[in-house]
Amino acid sequence: MIRVNDLCLRSDSFALSDIAFTVPTGAYAVLMGRSGCGKTTILEAICGLRPIQSGSIYLGTLEVTALSPAERKIGYVPQDHALFPHLNVHENLAFGLHARGLPSEERVEEIGVLLGISDLFGRTTAGLSGGEAQRVALGRALAFRPGVLLLDEPLSALDESTRDEMHSVLRSIREKTGVTTLHVTHLREDAKALADVVLELHGGKVRPVHSD
Amino acid sequence: MKTHPSERPFYLALSVLGGGYALLVVLMIVANVAYTSPAHIIDTLRQPAIQASLWLTLWSCILAAAFSLLVGVPMGYLLARTKFRGKALLEAIMDIPVVLPPLIVGLSLLIIFNHFRIGGVSLEQWLNAHGVQFTFAAAGVVLAQFSVAAAFAVRTMRGTFEQMPARIEEVALTLGCTRWQAFRRVTLPLARRGMMAAFTVAWARSLGEFGPLLIFAGTTRGRTEVLSSSVFLELSVGRLEGAVAVSLIMIVVAVGVLLLVRKTGGTRI
């Protein structure tokens with residue numbers, strides 16, 4: 001479960017106040033909103049990458065508001081993937097496991113199978129297509145078995161057929177891992193294809209959107 | 001380069017203006033080469049004083065560049081990645097050695113070491129009592145070179161870190177790294193080319209340094225003489241041929257190091 005209580009944030013260009021929402025355990029939530037309205041800022045705050053002015057963040061029963069990004073154990077996929085260009089695909093996938101002192105070989109193999117990227121292991125990240133890079137970024141975030149997965153506009157830069165393919169991949173991840181997911185996007189089709197819970201950030205507030 | 005006929009005057013104008021400078025650089029080197037001969041350069045290289053000067057130049061420049069990198073990486077990172085009170089002042093301080101006349105750097109070092117007092121004695125006297133000598137010593141050569149070169153290393157490293165997306169480090173943090181681990185495992189490997197460039201810029205700057213050395217370290221033959229001061233010493237006794245030969249040796253050393261760095265680091269400086 002992700003629970004955000006009365007979160008207040010300020011950036012150079014906007015302020016968000018009293019942001020509150022809950023994503024139930026195992027659910028796939030999609031947070032919609034116009035570009036630049038603060039969706040990424042909320043994700044960064046949940047990850048611990050952006051200081052908040054007030055409010056609290058819970059992951060399950062644990063309050064993580066004051067914890068470092070590493071201690072929150074969140075799988076995070078930024079919009080630009082941010083793959084490590086000095087490492088190959090296998091090393092990217094194993095990075096979080098090594099950082100946490102966990103065994104990597106077997107888990108990286110599992111992730112490779114789950115995401116269909118085993119044949120990319122020896123490749124550098126520079127030559128990957130958009131869809132391949134997206135799968136590697138997802139695999140890297142999932143490898144250390146996070147309780148929560150945060151996805152920032154993961155499919156916006158992909159063409160339509162690759163996006164459909166990635167919808168299947170994301171559904172498959174959800175079925176196989178049961179990870180609680182918060183997916184930020186401005187694309188309605190992402191919400192239609194994937195979401196159990198749809199939230200909308202509008203006018204500085206997050207509201208649930210009920211399907212008809 | 002294939003260009004549309006209508007664009008040719010544009011590129012021709014750029015080539016004439018920029019090419020004029022390239023021509024000047026080539027003319028300077030050709031003038032030096034034409035003024036001397038290989039035999040003369042070999043004779044100059046056989047002089048024990050010039051050999052000592054060459055070795056002191058090489059190791060002092062390497063040390064000054066290494067120390068410059070040691071401060072350039074952390075300072076460049078802080079200036080590129082963080083906001084803090086007094087940052088504008090710190091940026092201005094970091095630019096002072098770049099704009100300050102080199103002679104003043106040497107004079108300032110001389111005053112620091114000989115007029116700042118620790119327990120009733122000057123800093124230099126205090127250091128001497130502990131077995132270290134800077135003023136008019138080889139360590140002073142390195143310090144004088146470092147004082148200016150480090151500012152260039154800071155600038156280069158700041159540019160390197162500014163071009164590197166902070167997002168990559170942030171992802172490393174979410175994957176389980178501490179700040180130190182993210183810096184060591186992600187930031188530094190990605191900054192490798194920038195570090196190579198910063199080292200080379202600092203090295204080249206140290207090679208050409210003369211004013212601060214003259215005042216702070218002196219130009220004692222066999223002790224604090226480096227190639228730039230060798231040129232000065234040769235000129236001061238009216239041996240223009242010797243000065244030109246040493247200049248050519250400096251050009252060869254500088255170009256050799258630049259080519260080596262490009263080959264190993266693959267970077268454009």
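The values are calculated or read from the model by the stated rules, or taken from the named source; none is laboratory data. Not measured: the values here are computed from a predicted model. With ideal geometry, Cβ positions are generated from the backbone for all residues, glycine too; neighbour counts draw on all protein chains shown. What goes into the accessible areas is simple: the full protein's heavy atoms, side chains included, and nothing from ligands, DNA or RNA. Shrake-Rupley method; radii C 1.70, N 1.55, O 1.52, S 1.80 Å.
Residue count for the range A:52-73, restricted to those that are surrounded by fewer than 21 Cβ atoms within 10 Å (Cβ to Cβ) and within 12 Å of chain B (Cβ to nearest Cβ): 4. Scanning the range A:118-130 for residues that are crowded, with 18+ Cβ neighbours inside 10 Å and either more than 14 Å from chain B (Cβ to nearest Cβ) or free of Cβ contacts under 8 Å to residues at least 12 places away in the same chain (or both) returns A:L120, A:L128.
Quick one: is B:I118 open to solvent by 40 Å² or more (accessible area, probe 1.4 Å) and over 19 Å from the mean Cα position of the chain (by Cα)? When the stated conditions are applied, B:I118 passes them.
Considering each residue of the range A:15-51, count those that are more than 14 Å from chain B (Cβ to nearest Cβ) and open to solvent by 40 Å² or more (accessible area, probe 1.4 Å), and give that number. Of the residues in the range A:15-51, 10 are more than 14 Å from chain B (Cβ to nearest Cβ) and open to solvent by 40 Å² or more (accessible area, probe 1.4 Å). Annotation note: of B:F161, B:F134, the sole residue that is away from chain A (no Cβ under 13 Å), modelled with pLDDT under 95 and either out of contact with any Cys (no Cβ under 9 Å at 6 or more places or on another chain) or outside any helix (DSSP H, G or I) (or both) is B:F134. For the range B:230-258, a residue qualifies if it is under 16 Å from the mean Cα position of the chain (by Cα), surrounded by 14 or more Cβ atoms within 10 Å (Cβ to Cβ) and small (G, A, S), and exactly one does: B:A254.
Taking every residue in the range B:43-62 that is over 21 Å from B:V148 (Cβ atoms) and pairing it with any residue that is open to solvent by less than 30 Å² (accessible area, probe 1.4 Å) and charged (D, E, K, R), at least 6 positions away or on another chain, the pairs with Cβ-Cβ distances below 8 Å are B:A49/B:E225; B:A52/B:E225. Among the candidates B:V171, B:V142, the residue that is away from every other protein chain (no Cβ under 14 Å) and among the aliphatic types (A, V, I, L, M) is uniquely B:V142. Among the criteria (1) open to solvent by 30 Å² or more (accessible area, probe 1.4 Å); (2) over 26 Å from A:D12 (Cα atoms); (3) within 14 Å of another protein chain (Cβ to nearest Cβ); (4) within 15 Å of the chain's Cα centre (by Cα), the one A:A141 does not fulfil is (1). Can you spot a residue in the range B:184-193 that is among the hydroxyl-bearing types (S, T, Y) and open to solvent by 30 Å² or more (accessible area, probe 1.4 Å)? Within the range B:184-193 (the criterion being among the hydroxyl-bearing types (S, T, Y) and open to solvent by 30 Å² or more (accessible area, probe 1.4 Å)), the answer is no, since none of the residues qualifies. Taken over the range B:1-44, residues that are closer than 29 Å to B:E241 by Cα and charged (D, E, K, R) amount to 1.
For every residue, the table says whether it meets (1) open to solvent by less than 80 Å² (accessible area, probe 1.4 Å); (2) among the hydrophobic types (A, V, I, L, M, F, W, C); (3) in a helix (DSSP H, G or I).
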site	(1), (2), (3)
B:F10	no, yes, yes
B:A13	yes, yes, yes
B:G19	yes, no, yes
B:V25	yes, yes, yes
B:M28	no, yes, yes
B:D43	no, no, yes
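Here B:E225, B:E241 are screened, and the one residue that is in a loop (DSSP other than H, G, I, E, B), away from chain A (no Cβ under 14 Å) and not aliphatic (A, V, I, L, M) is B:E225. Once the range A:76-117 is narrowed to residues that are open to solvent by 50 Å² or more (accessible area, probe 1.4 Å) and in a helix (DSSP H, G or I), the residue that is nearest to the other protein chains (Cβ to nearest Cβ) is A:H98. Within the option set B:A202, B:A191, being in contact (Cβ under 8 Å) with a residue 40 or more places away in the chain and within 14 Å of chain A (Cβ to nearest Cβ) holds for one residue only, B:A191.
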